[in-house]
Every structure is written in C-alpha cells, then in structure tokens.
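I have placed the structure first, in the form of structure tokens, so that the comments after it can refer back to it.
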Amino acid sequence: MKKKDIILGLTIITVGLILMLMMKVYHHSEGNRIVIEVNGKKYGTYSLDENQEINVDTEYGHNVICIEAGKAYMKEADCPDGYCMRQGKISKKNQTIVCLPHKLVVEVNGEQHRTSKASDNENSASDIVPDAVVK
Amino acid sequence: MSKRIAYCAILITLAMIFSYVEVLIPVNFGIPGVKIGLANIVILIGLYVIKIREVLMISVIRIILSGVLFGNIMSIAYSMAGGMLSLVVMAIMKRCKGFSMNGVSIAGGVVHNIGQLIVAMLVIKNFRLVVYLPVLLIAGAVTGFLIGILSSGIVPAVEREMEKHTF
C-alpha cells in the first residue's frame, strides 16, 4: 500500500460521495407521474396519484409495475435476475427503476403539463387503465 | 512453451472457479449487480507474473466460458466491456510509478464498473442510468481495494512457485 494508492482510493470515494449528495438534492422534490420506457422508446405515462397496476408485456418479457400511495415499484418481473423488484419504491423526480434484461426503465417525472393524449384518456380512465400508451 | 500453456490453462480454470464461487455465494453489498469480482484476483496476479498478452487471453476465454456456463449472451457483453477496459487501465496503471497492486486494483475495479454501466446505457438506450455512477464508483473502489489486498498477499507465493518451475 503506497501513498498514491490511498490518494487514488480516497479521491474516487470522495467524488462518489459528492455526486451522491448532489443527486440527493436533485431528487428532492416529489414527482407526480411515472414514464415507462422500453428499449429507449416511450411505453406510457401514468399518474402517481391513482393506485394502479401496470402490466408491461413486450418482446423482452413481462413486468408489473404497481403504483400505491403515490409511490411506484416493480411488483412482478420474469427477468432472470429479479434486481428490478429489489430497487424499492420511487416517488421523487428523476428516480428510476431499471430492469436491464427487459430494457425497461421506470422514471418519475414532475412536469405539470401533460400530453393531450394523456389528458384525453384520463377522463375515462379506470384504476387499471393507463393514462397514455405511446408506442 | 507447453509449460506456459499449462500455466495459462491453470489460471483460466482458477478464474472460472472464482466466477462459479461468486455465483454460489454472492457477497451482497446491498446494491443490485455489485459483485466483489473474485476472478479479478487471477487477472491482477497475472499482470504481475506473466505476459500481458497471456493475461488478455486468459481474461477473454474466462469471460466467454463463464458467460456460457453461468450467464447468457448479455452477461458476456457486460463482462467483456468491464473486463477489457479494466485490463487496459490496470496495465497502464502498473507502468505508472508510485502505485502498488492496491492502487492498480482500485483503478481496475472502478473502470470495470464504468465499462459495464456504459454497456447498460447502450443496451436500454437511456442515459439516465448515469445516476448509478456514484454508487458504482464507490463500490468499484471498495471491491478493487479488497481484491488488491488479497492479490498482494498471494503474489509472493506464486512467484516462489514459478521460480521453481522456470519456463
């Protein structure tokens, strides 16, 4: 163990901690909807205000995202590792849940205005119908 | 020559056993996907006792074989990106003055994670994954340090053995 080793290690850890802290601040405000993306394309936008279960069936696999009490989490997934189900609940802006094998990203979004399609569907939406499905 | 081949074969086997042990007993850091990377012990020691092209060969073969046995095509892609990037950086770091095996290993661990993150971002075409960077930086430094400690303990013994059986 040399001096430079310690400097290198501590520098990396410090940079990591500072970035983490910055992201904590960045993640501070609550979001009001989630955006689901599959393979880089938007799959749908869903309000965090209503409790719902979203079934996402794509060529990559099956995921169930659950919204409960303003928080979203991955309830079910048939991916090989199941990491997405262990990423906890998200509700703050820019927080994400990622299911790598299924190329799926759930991201909290806080913008007030919604796409016209989303608001159209919202009027008739029951608890399980998505706000918008854009493929 | 045949002895060199035998050594490489032994090291590949060892690296694969480490990969397997890691599948069996995942050391959980509380973060999905973060592993200690036991197979890197072999790569790191290899950097210090055998030629770089042999280490490269060992690394590539180990990644493909353990990917086929314990993973899938995607896990091979992730391991390959991480493995190759960390090998290059570790080889450069080793040439830099003032770093011991620990420093080399820390750099390797961190770059390994960055490589995998880049592949993940390309796979899902979402660059927001960068939010995982801070955690991966710290995890890479910690696991790299652990691997460095282990490897620097093992290297003297390997060197002693290799002197007995000169190539």
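Every number here is computed from the coordinates shown, using simple stated rules; none is lab data. These numbers come from a predicted model, not from an experiment. Note that we place each Cβ from the backbone using ideal geometry, even for glycine, and neighbour counts take in every protein chain shown.
Taking the convex hull of the alpha carbon atoms in the protein assembly as shown, what volume per residue do you get, in Å³?
Enclosed volume per residue, from the Cα hull, is 128 Å³.
Every cysteine in the protein assembly as shown with no other Cys Cβ under 4.7 Å from its Cβ, please list them in numeric order.
So, A:C66, A:C79, B:C8, B:C96.
Let me spell out the model: positive unit charges on the Cβ of Lys and Arg, negative unit charges on the Cβ of Asp and Glu, origin at the Cα centre of the protein assembly as shown. What dipole size does that give, in debye rounded to 20?
1600 debye
Can you give the Rg to Rh ratio for chain B, taking only C-alpha atoms and Rh from Kirkwood?
Result: Rg/Rh = 0.97.
Per the Kirkwood treatment, what hydrodynamic radius in Å, one decimal, follows for segment A:30-84 from the mean inverse distance over all distinct Cα pairs?
With all distinct Cα pairs of segment A:30-84 included, I get 11.8 Å.
Over 20 Å between Cα atoms, which of A:K24/A:K75; A:K24/B:K35; A:K3/B:K35; B:K51/B:K164 qualify?
Listed pairs above 20 Å: A:K24/A:K75; A:K24/B:K35; A:K3/B:K35.
From other protein chains only, count the Cβ atoms within 10 Å of every residue's Cβ in B:113-125, then give the mean.
For this peptide, the per-residue mean of nearby foreign Cβ atoms is 2.
Estimate the FRET efficiency between A:A69 and A:I7 by the formula 1/(1 + (r/R0)^6), using the beta-carbon distance for r and 51 Å for R0, to the nearest 0.05.
E between A:A69 and A:I7, to the nearest 0.05, is 0.65.
What residue among B:M1, B:I58, B:M16 has its Cα farthest toward the positive end of the dipole of chain B, where the charges are +1 on Lys, Arg and -1 on Asp, Glu, each on the Cβ?
Among B:M1, B:I58, B:M16, the one farthest towards the positive end of the dipole of chain B is B:M1.
Using Cα centres only, tell me the gap between segment B:117-167 and segment A:64-82 in whole Å.
Using only Cα atoms to place each centre, the spacing works out to 31 Å.
Determine, from the Cβ-Cβ distance of B:M74 and B:K164 and an R0 of 41 Å, the FRET efficiency 1/(1 + (r/R0)^6), rounded to the nearest 0.05.
Working from the Cβ atoms, E equals 0.45.
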